[in-house]
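Here's the structure we're looking at; comments come further down.
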Amino acid sequence: MTPSVDLPKHGTSVIAGVIQRLSVSQLKRHKLCPRAWFFQKVMRIPEPTTGAQQVGTEGHAQLEHFLSTGEDVLGTFARAGVHLLPTPGADLLVEQPLDGEPPLTAGGIPFTGFIDLVDARRLASDGVLRITDHKFTSNIASNAAIAEQLADADTEPGLQMVGYGAWALSQVERFPGLRTLELEHLYYQTRGQRLAASVVATVPAEHVAHEWRTKVEPQVEVMKAHAQAARAADVPANYGPACGKYGGCPFMAKCLTGENKTMSLRDKLLNKAPTIDTAGERDAPELPAVLPPDAPTPAPVQTAPEVAQATEQPAPKRRGRPRKAAEPEQPKGEMRVLFVDCIPTISDGPKPESLMSYVDTMHRKVAEAGGVDDVRFAGSDSALGFGKWRGALAMAARAELPPPGAYFALGVAQSELMQVIVEALEPAFDVVVRGVR
């Protein structure tokens, strides 16, 4: 007889660095990114509910009612898969809890949660038990798992289904003679054509037991160690695809800006060694933020030969289009020239190119690092919120200058992004000429 386990009477998963309870969802979150799990379960940072989650919640409720009672309350998404469901009946285990007697455990920690559907109708005759998890997804073709993944606890889908299979193996008295498990994901498409598809991995009971023992149990031991970390920075983060999965990690802003972070927003933007400009000066390791709007406007750099001979101070901004005599010669070698709100007339050599594509590239880089689509609309919980995107964008521009050559920037006053980029680049350009449009 398996000894009983006293389950916690509250919903807190981790108390004082000790894991009180687990779930297959926690296993999946930790597998995807240990630090995201730390934010969610140890630091208990709330995460918002998305529209996709709401669709899934409603669909699961409809399927639970239908399979339990036979009453057709299915919505358009769930109805597409009705032909793949077993006939409703009281013998089906619908929304089966994992914390029954005995509960599923790993490393001595009990699991909570529910299995969508357990069908034992073939158990007596064939020793087969089917375990089904309903999945609502925008696109079945691109998002559905394959059968091999459902049987492998090293994958996110398999971690879940192997866990459900391990629960079934612990229910010796309920499922006598269990030899084979059918682990099924039943997908319902929520965009475009109403479709449904079943993916099933058929595996022997021994396979599930081995996967749980050799892959899940060791992961739980790692989770125990991570739960005792004093700081989020002490828990590894899985930067990369995990950050953008499922619509983006809800903890990205905290991850990028947290104290003693392993990889900050600055680290993401300055992902290369400091550069050497044409004057041989190293970029400063600490880059100043963009000046506030009411700060004095810094004088542009003017190094044209005639200006350099007249004074050692930068020339003041001039109104109107630059006089033809003041236009610098076509840049040679490694020079960088910037024309602001004006386009020079150059008869020979390559023409200046627009700075717009460079601005767009820098914006996309900062937006991606900060987990937003447009830095100008970053929320208060973002690392780029409250105007901090300006300093981040300027920092990215200084760290990754455009190639040597001549550039023009038009409509600077009408573009916040262009304003920040131009102000950041001026000190690094050999010649900056301004006009008034």
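The values are calculated or read from the model by the stated rules, or taken from the named source; none is laboratory data. Since the model is a prediction, treat every value here as computed from it, not as a measurement. Please note: Cβ atoms are built from the backbone with ideal geometry, for glycine as well, and neighbour counts cover all protein chains shown. For accessibility, only protein heavy atoms count, side chains too; no ligands or nucleic acids. Shrake-Rupley method; radii C 1.70, N 1.55, O 1.52, S 1.80 Å.
So the values come out like this:
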read-out: Cβ pairs under 8 Å, 6+ apart, first in region 63-77 and touching a residue at least 60 places away in the same chain (Cβ under 8 Å) and under 14 Å from Phe136 (Cβ atoms), second part of a helix (DSSP H, G or I) and open to solvent by 20 Å² or more (accessible area, probe 1.4 Å); value: Phe77/Val55
read-out: All positions within region 115-158 that are open to solvent by less than 10 Å² (accessible area, probe 1.4 Å) and at pLDDT below 95; value: none
read-out: Residue in region 200-218 that is open to solvent by 20 Å² or more (accessible area, probe 1.4 Å), over 17 Å from Lys28 (Cβ atoms), among the charged types (D, E, K, R) and in contact with a strand residue (DSSP E or B) (Cβ under 9 Å, 6 or more places away or on another chain) present; value: no
read-out: Pair list, Cβ under 6 Å, 6 or more apart: region 174-191 residue over 20 Å from Pro97 (Cβ atoms), other residue part of a loop (DSSP other than H, G, I, E, B) and hydroxyl-bearing (Ser, Thr, Tyr); value: Thr190/Ser138; Arg191/Ser138
read-out: Region 177-215 - residue that is of a type in the set (Val, Ile, Thr) and more than 16 Å from Gly158 (Cβ to Cβ) and, of those, nearest to the chain's Cα centre (by Cα); value: Thr190
read-out: Enumeration of residues in region 380-410 that are surrounded by fewer than 19 Cβ atoms within 10 Å (Cβ to Cβ), within 14 Å of Leu338 (Cα to Cα) and of a type in the set (Gly, Ala, Ser); value: Gly405
read-out: Test: Lys365 is without any contact (Cβ under 8 Å) to a residue 12 or more places away in the chain and surrounded by 14 or more Cβ atoms within 10 Å (Cβ to Cβ); value: no
read-out: From the options Pro3, Pro8, residue that is open to solvent by 50 Å² or more (accessible area, probe 1.4 Å) and at pLDDT below 90; value: Pro3
read-out: Residues that are within 14 Å of Tyr188 (Cβ to Cβ), open to solvent by 40 Å² or more (accessible area, probe 1.4 Å) and aliphatic (A, V, I, L, M), drawn from region 38-95; value: Ala52, Val55, Ala61, Val82, Leu84
read-out: Any hit, region 220-238, residues being open to solvent by 40 Å² or more (accessible area, probe 1.4 Å), farther than 30 Å from His134 by Cβ and modelled with pLDDT under 90; value: yes
read-out: Subset of region 141-176 (residues that are outside any helix (DSSP H, G or I), within 21 Å of the chain's Cα centre (by Cα) and more than 16 Å from Ala201 (Cβ to Cβ)); value: none
read-out: Per-region count, region 411-437, residues over 20 Å from Met395 (Cβ atoms) and open to solvent by 50 Å² or more (accessible area, probe 1.4 Å); value: 4
read-out: Residues (open to solvent by less than 30 Å² (accessible area, probe 1.4 Å) and touching a His at 6+ places or on another chain (Cβ under 9 Å)) located in region 368-379; value: Val375
read-out: Members of region 177-200 that are out of contact with any His (no Cβ under 6 Å at 6 or more places or on another chain), hydrophobic (A, V, I, L, M, F, W, C) and assigned to a strand (DSSP E or B); value: Leu181, Leu183, Ala196, Ala197, Val200
read-out: Some residue of region 249-264 being at pLDDT 80 or above, surrounded by fewer than 16 Cβ atoms within 10 Å (Cβ to Cβ) and under 13 Å from Ala36 (Cβ atoms); value: no
read-out: Condition check for Gly244: within 22 Å of the chain's Cα centre (by Cα), open to solvent by 30 Å² or more (accessible area, probe 1.4 Å) and closer than 30 Å to Gly75 by Cβ; value: yes
